[in-house]
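**Q** Please read through the structure below; I'll follow up with questions.
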Amino acid sequence: MRSSKAEAEDRDVVIGEDERCPGFQGLKFDWGGGSTSKGKGRTKTFHPPIETHWDLHSAAGKKSNSSPIKSLLSLPLTKFRKSKSLTMILDGARDPKDKQSVESFRQMLLQEGLLPPKHDDYHTLLRFLRMRDFDISKSKEMFQNYLQWRKEFRVDMLPKEFNFTEYDEVKKCYPHGYHGVDKYGRPMYIERIGMVDLNKMGQVTTFERFIKHHVSEQEKTLKVRYPACSLAAKRHVATTTSILDVNGVGMSNFSKPARYLFMEIQKIDSCYYPETLNQLFIINAGSGFRMLWKAVKTFLDERTVAKIKVLGSNYLSVLLEAIEPSNLPTFLGGNCTCSDYGGCLMSDRGPWKNPEVLEMIQVVNLREEIEGKCDDGDVALEDSSMPKKVDKQNKDDNNSMSLLEEAACVGSNSTCSCRLALQKIDCLEAALGDIKNKIKTLEDALQETKMALERTFTA
């Protein structure tokens with residue numbers, strides 16, 4: 001039986017107080033329409049995973065020995081970009097009912113002047129509709145709040161204005177990061193909450209800077225990680241599988257700084273990046289955490305809580321149902337150490353690190369940006385979420401960057417500028433073709449070496 005003191009501690013947990021914490025700037029939280037407290041008493045619909053209608057059903061059951069990236073690179077990019085398979089991978093096979101709802105929502109926003117071209121995106125609109133159970137009025141309010149937040153937070157300017165120089169130091173006192181993919185191909189995100197030391201973290205960074213880092217990572221996931229995972233898995237990927245290791249976490253860990261950080265990140269993820277969580281595995285949950293969980297989950301959206309599995313120390317069999325051992329770090333019971341990168345949570349390992357995939361995403365995004373805006377005389381092409389440089393052996397990085405930068409800096413109002421920009425993209429496509437040739441050369445050399453070795457051993 002629990003003591004009255006423990007019960008009182010449960011009642012005393014208050015999240016989101018306006019207090020200042022040593023080492024951090026205190027932050028105020030205005031939940032507005034995103035507060036879950038207003039939703040109590042309402043029954044929400046739990047929609048199936050957002051990728052449900054985005055599988056490549058025609059490819060089901062078929063296995064290929066060739067690399068999906070290699071097979072895609074074998075096509076001329078101009079044809080590859082417009083191919084049906086690429087459209088299905090990057091855009092998804094859209095459900096007719098969803099498509100109709102999204103179009104109605106889109107037309108309403110356009111008529112009211114509430115849909116900037118940059119955010120006129122099917123997947124973005126669908127996420128907000130799903131989060132509000134396809135209620136157009138509530139989705140509109142949520143979408144407006146999202147646009148206003150992006151403006152006030154200067155999200156699009158973060159790559160230019162924000163440099164998280166304390167990245168390595170923060171990782172030491174707050175172990176977290178992306179690592180590999182699950183069996184579906186979704187990116188995996190891992191946090192070791194039991195090892196977090198917020199006092200040390202407060203000495204190397206601030207809440208404001210850490211939250212900006214979090215937003216930058218969310219932007220990279222949407223614009224780089226998901227497309228890269230989609231190309232690698234040959235099916236549309238739009239959500240993340242997360243693992244939260246809470247070994248040793250209890251009520252004492254839920255300090256004022258911890259509450260601030262939890263609430264702000266929860267608000268950002270729920271209100272501004274809705275429907276991006278596939279599943280969250282909370283592992284090593286002891287009695288102390290389970291007590292804490294009762295308090296924490298009351299502040300989470302019902303739809304989010306439905307995606308969370310709280311597991312004890314015997315979690316491995318459940319994780320292995322969704323994740324291959326090769327994509328699990330050894331500290332979670334898997335086989336990976338990422339010894340060359342200083343550990344798994346420092347590696348950012350995944351398809352988004354593949355240079356050829358990054359080149360492909362850059363070329364497709366730039367060309368579509370140009371072709372979509374030339375008619376309007378606006379060719380502002382820079383994609384702030386994309387890496388500005390791709391480290392790749394046997395490639396002239398400086399030459400590649402000059403093409404990208406020139407394409408991004410093309411003038412804004414002339415047909416000539418559009419043509420020039422397209423010429424730059426054509427040059428980049430040619431560079432991608434060179435990659436294909438180099439891959440073929442390496443394969444031929446490998447085959448010759450293999451044959452020479454076979455002759456040596458048979459002799």
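The values are calculated or read from the model by the stated rules, or taken from the named source; none is laboratory data. The structure presented is a predicted model; accordingly, all values stated were derived computationally and were not measured. Using ideal geometry, Cβ is built from the backbone for each residue, glycine included, and neighbour counts are taken over all protein chains shown.
**Q** Could you check how many residues of the range 148-181 are of a type in the set (Lys, Arg) and either surrounded by 15 or more Cβ atoms within 10 Å (Cβ to Cβ) or touching a residue at least 24 places away in the same chain (Cβ under 8 Å) (or both)? Walk me through it before giving the result.
**A** Initially, the range 148-181 is screened for residues of a type in the set (Lys, Arg), giving 150-151, 154, 160, 171-172.
Okay, now just the ones that are also either surrounded by 15 or more Cβ atoms within 10 Å (Cβ to Cβ) or touching a residue at least 24 places away in the same chain (Cβ under 8 Å) (or both), so 150, 160, 171-172.
Within the range 148-181, residues that are of a type in the set (Lys, Arg) and either surrounded by 15 or more Cβ atoms within 10 Å (Cβ to Cβ) or touching a residue at least 24 places away in the same chain (Cβ under 8 Å) (or both) number 4.
**Q** Continuing with the same structure: Being surrounded by fewer than 18 Cβ atoms within 10 Å (Cβ to Cβ), outside the structural domain of LEU129 (by TED's automatic domain parsing) and farther than 26 Å from LYS160 by Cβ narrows it down to one residue among PHE299, PHE289, PHE262; which is it?
**A** Details: PHE299 fails: surrounded by fewer than 18 Cβ atoms within 10 Å (Cβ to Cβ); PHE289 fails: surrounded by fewer than 18 Cβ atoms within 10 Å (Cβ to Cβ).
Matching residue, one of PHE299, PHE289, PHE262: PHE262.
**Q** Out of all the residues in the range 285-309, which are touching a strand residue (DSSP E or B) at 6+ places or on another chain (Cβ under 7 Å) and either closer than 17 Å to THR239 by Cα or at pLDDT 95 or above (or both)?
**A** Passing the criteria: THR304, LYS307, ILE308, LYS309.
Quick grid of which residues meet (1) modelled with pLDDT of 95 or more; (2) in contact with a Lys or Arg (Cβ under 7 Å, 6 or more places away or on another chain); (3) in a strand (DSSP E or B); (4) of a type outside the set (Lys, Arg):
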| residue | (1), (2), (3), (4) |
| --- | --- |
| THR124 | no, no, no, yes |
| ARG130 | no, no, no, no |
| MET142 | yes, yes, no, yes |
| TYR146 | yes, no, no, yes |
| TRP149 | yes, no, no, yes |
| GLU152 | yes, no, no, yes |
| LYS160 | no, no, no, no |
| TYR189 | yes, no, yes, yes |
| GLY194 | no, no, no, yes |
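**Q** Now, a different point. Of all residues in the range 224-240, how many are surrounded by 24 or more Cβ atoms within 10 Å (Cβ to Cβ) and in a loop (DSSP other than H, G, I, E, B)?
**A** Residues flagged as surrounded by 24 or more Cβ atoms within 10 Å (Cβ to Cβ) and in a loop (DSSP other than H, G, I, E, B) within the range 224-240 amount to 2.
Okay, residues lined up against (1) at positive phi; (2) out of contact with any Leu (no Cβ under 7 Å at 6 or more places or on another chain); (3) in contact (Cβ under 8 Å) with a residue 12 or more places away in the chain; (4) of a type in the set (D, E, K, R):
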site	(1), (2), (3), (4)
GLY194	no, yes, yes, no
ILE211	no, yes, yes, no
SER216	no, no, yes, no
PRO227	no, no, yes, no
ARG235	no, no, yes, yes
GLY248	yes, yes, yes, no
PHE254	no, no, yes, no
GLN279	no, yes, yes, no
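A quick yes/no check of all residues on (1) of a type outside the set (D, E, K, R); (2) closer than 28 Å to TYR122 by Cα; (3) not assigned by TED's automatic domain parsing to the domain that holds PHE331:
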residue: PHE143; (1), (2), (3): yes, yes, yes
residue: ASP182; (1), (2), (3): no, yes, no
residue: ARG209; (1), (2), (3): no, no, no
residue: LYS223; (1), (2), (3): no, yes, no
residue: PRO227; (1), (2), (3): yes, yes, no
